[in-house]
Amino acid sequence: MGTVNIVIDGRKVSARNGTSILDAANQANIYIPSLCSHSLLSPIDDVKTEDFVYQAGQIVKGDKDASCVRHCDLCLVRINGEKGLVRACETEVEEGLVVTTNDDEIRKERQKNLTKILRDYNHPNICLTCDRDPRCSPFGVCVRSVNVPKRCVACPTYPDCELLEITDHIGIQGITIPYNPYELKPMEGNPLFEFDAALCVGCLRCVRVCQDIRGIHALGYVCQEGKIAVGTRSETFEGSGCRFCLGCVEICPTGAMTDLRQKFKSLTSKDEKKEIVPCVDACPLHIDIPRYVYYASRGEYGKALKVIKEKLPFPLLCGTVCTHPCEESCRRGDLDEPVSIRAIKRFVAEYADVIDEKPPRGKTGKRVAIIGSGPAGLAAAYFLAKRGGHGVTIFEALPQPGGVPM
């Protein structure tokens, strides 16, 4: 596809053609706030509405022919030479583009848009707008005696809430935003997580990950009085076809989707990932296990094999001899029994069509020596040669490669 060179906040950044400014900035570790956009998800405009959904067992009907989907407009940036601000999430990079991600006008527009989201969705905001530094500790006593229902710190994801990070970056401290506590109870009856619609801000990340990434479609949304209302497509999660993969929990930016293991805990971002996707955390290579298991369940073995080979060049070997610590950590065991992850990997490796192994785009001329031809040495050689374009020589003391026999 080729690459282009742009400048973001004075930094030179290389990005692939077709990449959005937001993705290019994220890859360069330049922060641009966004609620509705995510690198793994389809655009928010592509999500179709339902006739009705369920929240806490209660049916929520959508307004007929209503449209309520809108961009969060928190990723606004300025392109030098152009009038007005543009959305970084939908503006593609071009050679020589010069981008500014933060100035007075950008901050004011972001503050206005974030304030509207919090007001329209009646999101608890006392802690978001509080100018106290440092903030109160999670679940601690508020020094200003604000009662618990109005406090952001009552959210289980605090202080690692993505919405909190966004508000701190944009700066809405000292702004008064009306809030009326919801009477709607969190949707329970799910053994792994709960859904609290009172914390939802209509970003539709959970719906998109459920439909696009997991292919399940247990969640949906309706438009009601100009706002998005997210819910299950049946009265219960199980009846909606939920596979309890926790993809919605992992991607929710506000704590509306909460892992029950996290509730009433204060976890770091690393701890949170370990709790939500423990199979990936337990895997020594951190292979995206939920994604390849999903592809395998659909009979798309080639896609599953491709996911595995992103981290593991020898899936049949691993599918045969791996000690499968991922299965010991599998959350499905909380329901019935763990998924047979290793067996699925072996099956995919045996039955998937062979992936066309393309040579590296170019050779670097550099040479690397690897001592030992066990699985680790062979994997290192594979990735150094294929992705790095380096010349590789493996040295092995034994007469055959593959490591010490078991």
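The values are calculated or read from the model by the stated rules, or taken from the named source; none is laboratory data. As the structure is a prediction and not an experimental result, all values here were calculated from the model. Neighbour counts are summed over all protein chains in view; Cβ atoms, including those assigned to glycine, are modelled from backbone coordinates with ideal geometry. Only protein heavy atoms, including side chains, enter the accessible area calculation; ligands, DNA and RNA are left aside. Shrake-Rupley method; radii C 1.70, N 1.55, O 1.52, S 1.80 Å.
The condition of being modelled with pLDDT under 75 and surrounded by 15 or more Cβ atoms within 10 Å (Cβ to Cβ) holds for only one of 130, 161, 155, that being 155.
Within the bounds of the stretch 309-325, is there any residue that is touching a Pro at 6+ places or on another chain (Cβ under 8 Å), at pLDDT below 80 and under 30 Å from residue 190 (Cβ atoms)? Scanning the stretch 309-325 turns up no residue that is touching a Pro at 6+ places or on another chain (Cβ under 8 Å), at pLDDT below 80 and under 30 Å from residue 190 (Cβ atoms).
Scanning the stretch 97-151 for residues that are β-branched (Val, Ile, Thr), under 27 Å from the mean Cα position of the chain (by Cα) and within 30 Å of residue 229 (Cβ to Cβ) turns up 115, 117, 126, 129.
Which residue pairs have Cβ atoms under 9 Å apart, sit 6 or more places apart or on different chains, and have a first residue in the stretch 96-117 that is in contact (Cβ under 8 Å) with a residue 60 or more places away in the chain and a second that is among the aromatic types (Phe, Trp, Tyr) and surrounded by fewer than 16 Cβ atoms within 10 Å (Cβ to Cβ)? Once the first residue is in contact (Cβ under 8 Å) with a residue 60 or more places away in the chain and sits in the stretch 96-117, its partners that are among the aromatic types (Phe, Trp, Tyr) and surrounded by fewer than 16 Cβ atoms within 10 Å (Cβ to Cβ) give 101/31.
Number of residues in the stretch 23-37 that are out of contact with any helix residue (DSSP H, G or I) (no Cβ under 9 Å at 6 or more places or on another chain), among the small types (Gly, Ala, Ser) and not in a helix (DSSP H, G or I) equals 1. Within the stretch 223-239, being in contact (Cβ under 8 Å) with a residue 40 or more places away in the chain and small (Gly, Ala, Ser) holds for 226, 229, 231, 234. Of all residues in the stretch 1-19, those that are open to solvent by 60 Å² or more (accessible area, probe 1.4 Å) have Cβ atoms under 8 Å from Cβ atoms of residues that are part of a loop (DSSP other than H, G, I, E, B) and among the polar types (S, T, N, Q), 6 or more apart or on another chain, in 1/17; 3/17; 9/101; 9/102. Any residue in the stretch 20-32 that's touching a residue at least 24 places away in the same chain (Cβ under 8 Å) and within 21 Å of residue 164 (Cα to Cα): show its pairings with residues that are in a helix (DSSP H, G or I) and not hydrophobic (A, V, I, L, M, F, W, C) at Cβ separation under 7 Å, as long as the two are six or more apart or on different chains. From residues that are touching a residue at least 24 places away in the same chain (Cβ under 8 Å) and within 21 Å of residue 164 (Cα to Cα), the pairs are 31/169. A Cβ distance below 7 Å, combined with a sequence gap of six or more or placement on separate chains, defines the contacts here; from the stretch 59-76, residues that are charged (D, E, K, R) reach residues that are outside any loop (DSSP other than H, G, I, E, B) in the pairs 61/52; 61/222; 63/223; 63/224; 73/87; 73/113. When the stretch 60-93 is limited to residues that are exposed (fewer than 13 other Cβ atoms within 10 Å of the Cβ) and assigned to a loop (DSSP other than H, G, I, E, B), the one that is modelled with the lowest pLDDT turns out to be 65. Restricting attention to the stretch 306-341, the residues being open to solvent by less than 70 Å² (accessible area, probe 1.4 Å) and either under 20 Å from residue 295 (Cα atoms) or of a type in the set (S, T, N, Q) (or both) number 20. Taken over the stretch 349-406, the criterion of being modelled with pLDDT of 85 or more, open to solvent by 40 Å² or more (accessible area, probe 1.4 Å) and either touching a Cys at 6+ places or on another chain (Cβ under 6 Å) or of a type in the set (Ser, Thr, Tyr) (or both) is satisfied by 351, 382, 393. In the stretch 305-333, the residues that are over 18 Å from residue 376 (Cβ atoms) reach residues that are open to solvent by 40 Å² or more (accessible area, probe 1.4 Å) and part of a loop (DSSP other than H, G, I, E, B) with C-beta atoms within less than 6 angstrom, at least six apart or across chains, in these pairs: 307/288; 327/338; 330/338; 330/339; 332/338; 332/339. Looking only at residues in the stretch 21-47 that are open to solvent by 20 Å² or more (accessible area, probe 1.4 Å) and over 18 Å from residue 212 (Cβ atoms), the one that is modelled with the lowest pLDDT is 27.
Listed by position, the helices (runs of 4 or more DSSP H) enclosed by the stretch 302-406 that each have at least 1 residues that are of a type in the set (Lys, Arg) and at negative phi are 341-351, 375-386.
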